[in-house]
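Any read-out appearing in this document is the output of simple, stated calculations on the displayed coordinates, not a laboratory observation. All values derive from a computational prediction rather than experimental measurement. A quick note on method: Cβ atoms are made from the backbone with ideal geometry, for glycine too, and the neighbour counts reach across all protein chains shown.
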Amino acid sequence: MKVKDLMIPIHDFLRPDVTLKEAVNLLHIARRDAEKQGVKGLPVLDDHYKLIGILSMRDILKAVYPSYMSMMNLGNFTWDGMLESLAKRAGAEKVAAHMSRDLWTVQENDSLMECVDLMIKHDIKRVPVLDQSGKVVGMIYERDVFNTITNAMFDDPPEGEK
Amino acid sequence: MTPDAAAAPHQIVMGWPFWIATCIFIGAYALIVSEKIHKTTVAICGAALMIVLGIVTQEEAFHSLDLGADWNVIFLLISMMVIINIMKPTGVFEYIAIRSAKVAKGEPFKIMAIFSVVTAVVSAFLDNVTTVLLIAPVTLLICQALELDVVPYLITEALASNIGGTATLIGDPPNIMIASKAQLDFMAFIYNLSPVIIVVLIAYIISIKFIFGKRLTVREELKERIMAMDEREAIKDPVLLKKSLIVLAVTILGFVLHGMLQLQPATIALFGAGLLLLVSGIKDPHQVLAEAEWSTLFFFIGLFIIIGGVVKVGLIKWMSLEVLKITQGNFFGTAMIVMWFSAFASAFIDNIPYVATMNPLIIDMAKQLWPNLSGTQLLHHPDLMPIWWSLALGACLGGNGTAIGASANVIVVGMAEKMGSPISFKKFMLYGMPLMIESVIICTLYVWLRYYVLNI
C-alpha cells in the first residue's frame, strides 16, 4: 500500500492570519471523511496554496500554556480559572504565531513505512501529502496507519500474500 | 610611579604578527558586537586562526597560563553548572520563590523588594543567568496570579541579579576572571566588594520603591491565590535536596577557606561537583553534563586564546602604555577611569570579552610601573588593588545600563516578549541606566573613601 491509497484528500485548510478562535471553529466543522465531521489538525496554506505550517490541537494547548511553566515545576501553584482566562486571551492570537513550522511531508507514491518513520522520529500524528508540483493534496493520519497495521495483523497469511 | 617606567616603550615589534593578531582581535570583537554570527562561533574561529597563522603555538593556547585558555575559569564554571543542574529538579528554587511571595503576603511592592533581595543573594553564589532563569518563571506565575504587569518585576530582578553577582568571586564571570588572573581569593572579594554591594542593594531597593511603589496595586481577593499556594509541595525530592544543600554548604565553606587551604576556587568547585554527582546517586552523569552551557564555555576558551595572541604580539602592552600616558601616574584617577569606562563599556558590550582584555592590560600596566616586582608582589601591589576592585565593580554593575549589557537582561527581555509585554531597548535603559549610574556613584565614593582616604 502506498501513501496515495491511504491519504484523505484535503477539504479544508487554514490561513496564517486567522485567529485561533476562528481556527478552532474550522477544526470543529471540517470534514474528516465522507460522513464524519471534526479534525484534530489542519494544514496552513499561504496565498499561493503553499504549505507553511500545521495547526493541531496540541499547538492550541501550547498557545494557552504559559511558556514559563515549562521552565520549572509550577503545576502545584496554579489556580482554578487560570486555564480559562488564558484561553480567552489566546483566542485572539493569530494562527501564524502558534502553528508548527517544522514540516515533514511525503509524496503520493511514497511507502507507508516512510510515513511511520516520520511519525515516530518527529512525534507527529499527521503527515501532509504533496503532489509532484509541491501542492498539498491530502493528509495521512496516525489512526488510519494504525488501522492498516491492525488489518495486516489479523489478515490470514494466504490473504496477506495476495 | 616612576615616570621613566611609563616612558620606556620597551620593545614592541610592530611587524606582521602584530598586525595579523590585531586584525583577528578587532575583527572578532566587531563580529561579536554586530551579532551577525554567533559569538561562540566567532571566538572559536578567531582562536583557531591565532594558532593556524602561528601567532601563538598550540602549546601556548592550550597550556600557557599567560597566553592560553584559563582552565581555572572554565572548570569553576562547569562545576557550578553541574551542581545547579543536579539541584534544580529538587524544587528548592520554586520553594524559595513561593515562600518569598507568601512572606510578602501578596503585597505587590513587598514581593518586588523581597524577590530583588532573594535574587541578589542567590546571584552572589550562582551565575546571574541561572539565578534569573530560576526566579523569573515563578515571578511570572505570581504576576499572573495577581494580574500585575510583569515588566517591572522582570527588569528589577535582572538588575538585582547583576548587583548581587558583583559581591563575590563566584557571582559573576568578570569576577571569576579577575580572581584567576590577579590571584585574588574568595575572601578578598567578600572583604572588598560585599560591603559596598550591600549599600548599593539598599539604595537600589529604596530607588525602586520610588519608581514603582505607587504604581503597583492588587485586588484583595487575588492575594488569596498566593496565600493558597503551599510551597512545601514544590519539594520533589527531599533526600536529594538535603544532600545537595550539604554539598553546597561544603563547597561554599571550601571557597571561604580556599586561600588558607592553598587550593584554587576551580578545585573547590570541581570537588563539590564530583561529590554531589557521587552522593546524588545519578547513574549516568551524561544528562547533567550535557545541560552545562557549552556554548558559553567555548566562548570563554576561544576568547582567552584570541587575547593570548594580542598579548603575545604586544598590542595589550601598547594599549597599557597609552593608558599610562593618559593617567600620568595618578592611581586614584586610574581607578576612576577604569571603573567608569568599564561601566559604560559593559553597558553596551559583553563584559566577558571586555574583562578578558582588561586583565592583561592592567597586569602589563603594573609591569611598566614596577618592573622589579613579579608574582603576587606585583599583582597585589597596594596601589594596584583598588584598580582591580574598580574593574570588578564597573564591569559587573555596568551591565545594568542597557538591555544588552548583561546576559540576565537579555534573558528577561526574551521572557517579557514571550509573555506578550515586550521591553524595548529604550524602556529598559530608562530604568537601567539611572540605576546603574546610581550604583557606580556609590562605588566611586566607596573606593575613594576606603582606599584613598581611610586606607583600609
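Principal axes first, then extents: for the Cα atoms of the stretch B:309-434, list largest minus smallest coordinate on each axis, whole Å, largest first.
Rounded to whole Å, the extents work out to 60, 30, 24 Å.
Pairs of Cα atoms under 8 Å, at least six residues apart: use those to get the relative contact order of the stretch A:1-67, whole percent. Write out the running numbers ahead of the final one.
Values: 65 pairs, mean separation 16.2, N = 67.
Computed over the stretch A:1-67, the figure is 24 percent.
With equal scatterers on the alpha carbons only and no solvent term, can you work out the Debye log10 of I(q)/I(0) for the stretch B:1-136 at 0.11, 0.15, 0.19 1/Å?
Log-scaled intensity ratios, in q order: -0.70, -0.92, -1.11.
Just name one of A:MET72, A:SER56, A:SER133: the one whose Cα is farthest towards the positive end of the charge dipole of the protein assembly as shown (beta-carbon charges, Lys/Arg +1, Asp/Glu -1).
In the protein assembly as shown, that residue is A:MET72.
Using just the helices of chain A, give the 222 nm mean residue ellipticity in deg cm²/dmol: DSSP H runs with n ≥ 4 each add -39,500 (n - 2.57), and the total is spread over all residues, rounded to 500.
Numbers: 8 runs with 64 residues, N = 162.
Helix-only estimate at 222 nm: -10500 deg cm²/dmol.
In whole percent, what relative contact order does the stretch B:73-290 give with Cα contacts below 8 Å and a gap of six or more residues? Intermediate values should be presented prior to the final figure.
Numbers: 266 pairs, mean separation 72.1, N = 218.
Relative contact order here is 33 percent.
Counting only Cα, what are the radius of gyration and maximum Cα-Cα distance Dmax of the stretch B:99-214, in Å?
Spelled out, the Cα radius of gyration and Dmax of the stretch B:99-214 are 14.9, 49 Å.
Is there a quick way to get the dipole size of the protein assembly as shown? I mean about its Cα centre, with the Cβ of Lys and Arg at +1 and of Asp and Glu at -1; what is the value in debye to the nearest 20?
1360
Starting from the Cα gyration tensor of the protein assembly as shown, take the square roots of the eigenvalues, sort them a ≥ b ≥ c, and report rounded, prolate or oblate (rounded when a/c is under 1.5, otherwise prolate if a/b is larger than b/c, else oblate). Mind dumping the intermediate values first?
Working: a/c = 2.23, a/b = 1.69, b/c = 1.33.
The shape class here is prolate.
Quick one: give the max-minus-min coordinate of the C-alpha atoms of chain A along each principal axis, largest first, in Å.
59, 40, 30
Quick check on the exposure proxy: order B:CYS45, B:CYS143, A:CYS115 from fewest to most C-beta atoms within 10 angstrom. Spell out each step's value before the answer.
On the way: B:CYS45 17, B:CYS143 22, A:CYS115 26.
Ordered by Cβ neighbours within 10 Å, fewest first: B:CYS45, B:CYS143, A:CYS115.
Compute and list, largest first, the equivalent-ellipsoid semi-axes of the stretch B:73-290 from the alpha carbon gyration tensor, each √(5λ) rounded to a whole angstrom. Don't skip to the answer; put the middle values down first.
Working: eigenvalues 201, 101, 30 Å².
Gyration-tensor ellipsoid for the stretch B:73-290: 32, 22, 12 Å.
For A:ALA30, list long-range residues whose amide hydrogen, built 1.01 Å from N in the peptide plane, is under 5 Å from its own amide hydrogen.
A:GLY38, A:VAL39
If r is the Cβ-Cβ distance from B:ASN372 to B:THR217 and R0 is 51 Å, what FRET efficiency results, to the nearest 0.05? Before the final figure, lay out the partial values.
Values: r = 65 Å, r/R0 = 1.28.
Calculated transfer efficiency: 0.20.
If you fit an axis through the alpha-carbon atoms of helix A:20-29 and take the longest principal axis of the Cα set of chain A, what angle between them do you get, 0 to 90°, nearest 10?
Between the helix axis and the principal axis of chain A, the angle is about 40 degrees.
Quick one: what do you get for chain B if you divide its Cα Rg by 2.2 N^0.38 Å? Working shown, then result.
Details: Rg = 22.5 Å, N = 456, 2.2 N^0.38 = 22.5 Å.
Computed over Cα atoms of chain B, the ratio equals 1.00.
Do the sum for chain B: with -39,500 (n - 2.57) for every DSSP H run of n ≥ 4, divided by all residues, what is the mean residue ellipticity at 222 nm, to the nearest 500 deg cm²/dmol? Each step should come with its number before you reach the end.
Values: 24 runs with 339 residues, N = 456.
Per the formula, -24000 deg cm²/dmol.
For a Förster distance of 41 Å, can you work out the FRET efficiency between the beta-carbons of B:GLN183 and B:ILE37, rounded to the nearest 0.05? Numbers along the way, then the final one.
On the way: r = 34 Å, r/R0 = 0.84.
Computed FRET efficiency for B:GLN183 and B:ILE37: 0.75.
Quick one: if the Förster radius is 51 Å, what FRET efficiency do A:ASP155 and B:TYR191 give, using the C-beta to C-beta distance and rounding to 0.05? Intermediate results must be reported in sequence, preceding the final value.
On the way: r = 81 Å, r/R0 = 1.59.
So, using R0 = 51 Å, E works out to roughly 0.05.
Tilt of helix A:142-154 relative to the longest C-alpha principal axis of chain A, in degrees (0 to 90, nearest 10)?
On a 0 to 90 degree scale, this one is about 40.
Please list the non-local residues whose amide H lies under 5 Å from the amide H of A:ILE54, H modeled 1.01 Å from N, same-chain partners needing a gap of 5 or more.
The answer is A:VAL44, A:SER100.
Have a look at B:THR40, B:SER64, B:ILE114 and report the one farthest towards the positive end of the charge dipole of the stretch B:1-126, computed about the Cα centre with Cβ charges (Lys/Arg +1, Asp/Glu -1).
Result: B:ILE114.
Before anything else, pin down the relative contact order of chain B: Cα pairs under 8 Å, at least 6 apart, normalised by residue count, whole percent.
On the way: 656 pairs, mean separation 115.0, N = 456.
Relative contact order, chain B: 25 percent.
On a C-alpha basis, how far is the centre of the stretch B:391-456 from the centre of the stretch B:61-82 in Å? Whole number, if you could?
With the stretch B:391-456 and the stretch B:61-82 each reduced to a Cα centre, they are spaced 27 Å.
Just grab the label-to-label distance for B:GLN58 and A:ASN109, each label 7 Å out from Cα along the Cβ direction, in nm (one decimal).
5.1
Can you give me the distance in nm between label points at A:SER133 and B:ILE206, each placed 7 Å from the Cα along the Cα-to-Cβ direction?
7.4
How far is the Cα center of the stretch A:4-46 from the Cα center of the stretch B:297-354, in Å?
60
In whole Hz and in residue order, list the ³J(HN,Hα) couplings for the stretch B:382-395 that follow from phi through the Karplus curve 6.51 cos²θ - 1.76 cosθ + 1.60, θ = phi - 60°; x for Gly and Pro.
Per residue, the Karplus-derived 3J(HN,Hα) values read x, 6, 8, 3, x, 6, 4, 5, 5, 4, 4, 5, x, 5 Hz.
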